[in-house]
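The values are calculated or read from the model by the stated rules, or taken from the named source; none is laboratory data. Only a predicted model underlies this, so the values are computations on that prediction, with no experimental measurement involved. Neighbour counts run over all protein chains shown; Cβ positions are idealised from the backbone, glycine included. Areas reflect the complete protein model, heavy atoms only, side chains present, ligands, DNA and RNA absent. Shrake-Rupley method; radii C 1.70, N 1.55, O 1.52, S 1.80 Å.
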Amino acid sequence: MSSHSKILILDFGSQVTQLIARRVREAGVFSEVFPYDVSNEFVRDYGAAGIILSGGPNSVTEGDTPRAPQAVFELGVPVLGICYGMQTMAAQLGGKVENGKVREFGYAEVRARGHTALLNGISDFVTDEGHGMLKVWMSHGDKVNEMPPGFKLMASTESCPIAGMADEERRLYAVQFHPEVTHTQQGKAMISRFVHEICGCKSDWNMPDYIAEAMEAIRAQVGDDEVILGLSGGVDSSVAAALIHRAIGDQLTCVFVDHGLLRLDEGTMVMNMFGKNLGVKVIHVDATEQFMGHLAGVTDPEAKRKIIGREFVEVFQAQAGKLKSAKWLAQGTIYPDVIESAGKGKKTAHTIKSHHNVGGLPETLNLKLLEPLRELFKDEVRELGVALGLPHDMVYRHPFPGPGLGVRILGEVKKEYADLLRRADAIFIEELRAAKDEEGKSWYDKTSQAFTVFLPVKSVGVMGDGRTYEYVVALRAVQTQDFMTAHWAHLPHELLGRVSNRIINEVRGINRVVYDISGKPPATIEWE
Ligand code: XMP
């Protein structure tokens, strides 16, 4: 992405470093995250229009803790230090940091000071004395208690008198609070101010333009070689396939492995969309019997996952082996996978750009990796998918786990169970899509993930004049930002009632529907 102006983010291990990159990109400026311990040479050669130092869990007052490469402060480009980034900036430039006696977490009101280029004119409210105030998110133990020479006060709170500092001549800015989190109400305005006004970046990062660049990059990378891609029906592999096909047409062959644990009509949908509509070469492998055979009698969730993963690789490898001319394996690796696999705030400077085979396919395939989405966040992948003409509903689908219904059928997996579950789940999803709130937003879009779980127990019911003795399904719907923690969704009772009625009436074999009201933690989102 050398043609764009770009912001370099150095990660000191904060949980929210990725958010800094996302906020910068939302401001229309390309940005990337690298570990804090990149070399001075790397910092000089990177070509950043500005640098942001993230927060982190360490204390600069304790011995051998992370420091930014000194080149960061000598390059002459603007720097913004956030939280730990501010503390290390202070320590490295001759100020003092005090080990916090009072810790401050959560909401705080900060007074903006000194009319700096970063905060001037940005405020949430003005006090009776005429002070501009910011509503921010603080999370720190340590604080700066003496600014380095040349710095002036930019922000303060009662418990943190130096909550922001700036050396405007050298264009070095630092804040103790977190502008990257949405709780800091003017955070977006501050980031935009930093990258546009202070660093002078243009807003030149957008998906429609990115398509042309990405196509060119793919062509340059693969030349006349052939490429294979494992299509799962998920968002990432679908968008990767559409993009690569746009770039190199028939040089791409997709392999779609149906393990028999996909959702209702998913196989047909994928084949229609890619094969018929987009004209992509897709090999459809129906491996249902092979998977079911290996899963027979297995009840342990981790054993099931391993079998599904292993068989998937085997089927894919067999297909790939037939495509003798293929030199490249394309994967839908996205930027969060790249950052995560490099490890947070660890000394991993030299591995972050190397190719991580996050998809788990073996190196024995002897194929080079093509990962055209590895610079993009999930929301950017979705925008790209829409820009490439993929259907909105497909691109904004809830996540679906690789082992598919295999982890949503408790205990032993049987084809009979999968067939019942598919039909029940399709009804649930259809009703979620149809139910809209006052603003016209569907409950499907209001939840992060929703699905049905098959419980292999029978309960007694009555239908018409007859007694029934049939299976139970559980409905699961959660709301979450990051899938690490989640709340169960408070779906309207009428909606739950409608789903239950329809499943029991339409899916013979199921006579009871229950709703899962467990949060994560302590429960997980999936049942297995
Ligand atoms: P849990 O159940 O751990 O799920 O709360 C968190 C998110 O991860 C998805 N998930 C998986 N995805 N392979 C996957 O590709 C798996 O084995 C797997 N297990 C869970 C889950 O659907 C949710 O989005």
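Taken together, E375, E371 contain a single residue that is more than 13 Å from the ligand (Cβ to nearest atom) and modelled with pLDDT of 95 or more, which is E371.
Results for (1) assigned to a helix (DSSP H, G or I); (2) touching a strand residue (DSSP E or B) at 6+ places or on another chain (Cβ under 9 Å), shown as yes or no for each residue.
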| residue | (1), (2) |
| --- | --- |
| S238 | yes, yes |
| H245 | yes, yes |
| V270 | yes, yes |
| H284 | no, yes |
| G293 | yes, no |
| R310 | yes, no |
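Residues are listed down the side, and each one gets a yes or a no for (1) at pLDDT below 75; (2) closer than 18 Å to S238 by Cβ; (3) open to solvent by 20 Å² or more (accessible area, probe 1.4 Å); (4) out of contact with any Ser or Thr (no Cβ under 6 Å at 6 or more places or on another chain):
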| position | (1), (2), (3), (4) |
| --- | --- |
| I334 | no, yes, no, yes |
| A342 | yes, no, no, no |
| K346 | yes, no, yes, yes |
| T351 | yes, no, yes, yes |
| S354 | yes, no, yes, yes |
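Do we have any residue at all in the stretch 482-505 that's within 16 Å of the ligand (Cβ to nearest atom), acidic (D, E) and open to solvent by less than 60 Å² (accessible area, probe 1.4 Å)? No: the stretch 482-505 contains no residue that is within 16 Å of the ligand (Cβ to nearest atom), acidic (D, E) and open to solvent by less than 60 Å² (accessible area, probe 1.4 Å).
Scanning the stretch 379-400 for residues that are within 16 Å of the ligand (Cβ to nearest atom) and closer than 13 Å to A240 by Cα returns V381, R382.
The one condition from (1) of a type in the set (S, T, N, Q); (2) in contact (Cβ under 8 Å) with a residue 24 or more places away in the chain; (3) within 16 Å of the ligand (Cβ to nearest atom) that T524 does not meet is (2). Give me the pairs: first residue in the stretch 496-514 and within 16 Å of V460 (Cβ to Cβ), second residue among the β-branched types (V, I, T) and part of a helix (DSSP H, G or I), beta-carbon distance under 9 Å, and six or more apart or on different chains, which are they? Every condition considered, the pairs that remain are I510/I503; I510/I504; N511/I504; R512/I504; V513/V499; V513/I503; V513/I504. Identify the residue in the stretch 440-453 that is within 15 Å of the ligand (Cβ to nearest atom) and in a strand (DSSP E or B) and, among all such residues, is nearest to the chain's Cα centre (by Cα). Step by step, filter the stretch 440-453, then rank; the result is Q449.
Just the residues that are within 24 Å of the chain's Cα centre (by Cα) and open to solvent by 10 Å² or more (accessible area, probe 1.4 Å), please, taken from the stretch 224-241. It would help to see each step written out before you state the result.
First, the residues of the stretch 224-241 that are within 24 Å of the chain's Cα centre (by Cα): 229-241.
The answer is G230, S232, G234, V235, D236, S237.
Conditions (1) outside any strand (DSSP E or B); (2) within 16 Å of the ligand (Cβ to nearest atom); (3) open to solvent by 10 Å² or more (accessible area, probe 1.4 Å); (4) not hydrophobic (A, V, I, L, M, F, W, C), marked per residue:
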{"position": "A418", "(1), (2), (3), (4)": "yes, no, no, no"}
{"position": "F428", "(1), (2), (3), (4)": "yes, yes, no, no"}
{"position": "P456", "(1), (2), (3), (4)": "no, no, yes, yes"}
{"position": "V460", "(1), (2), (3), (4)": "no, no, yes, no"}
{"position": "Y471", "(1), (2), (3), (4)": "no, no, yes, yes"}
{"position": "L475", "(1), (2), (3), (4)": "no, yes, no, no"}
{"position": "V478", "(1), (2), (3), (4)": "no, yes, no, no"}
{"position": "N511", "(1), (2), (3), (4)": "no, no, yes, yes"}
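Looking across the stretch 83-114, the residues that are at pLDDT 95 or above and open to solvent by 60 Å² or more (accessible area, probe 1.4 Å) come down to K96, E109, R111, R113.
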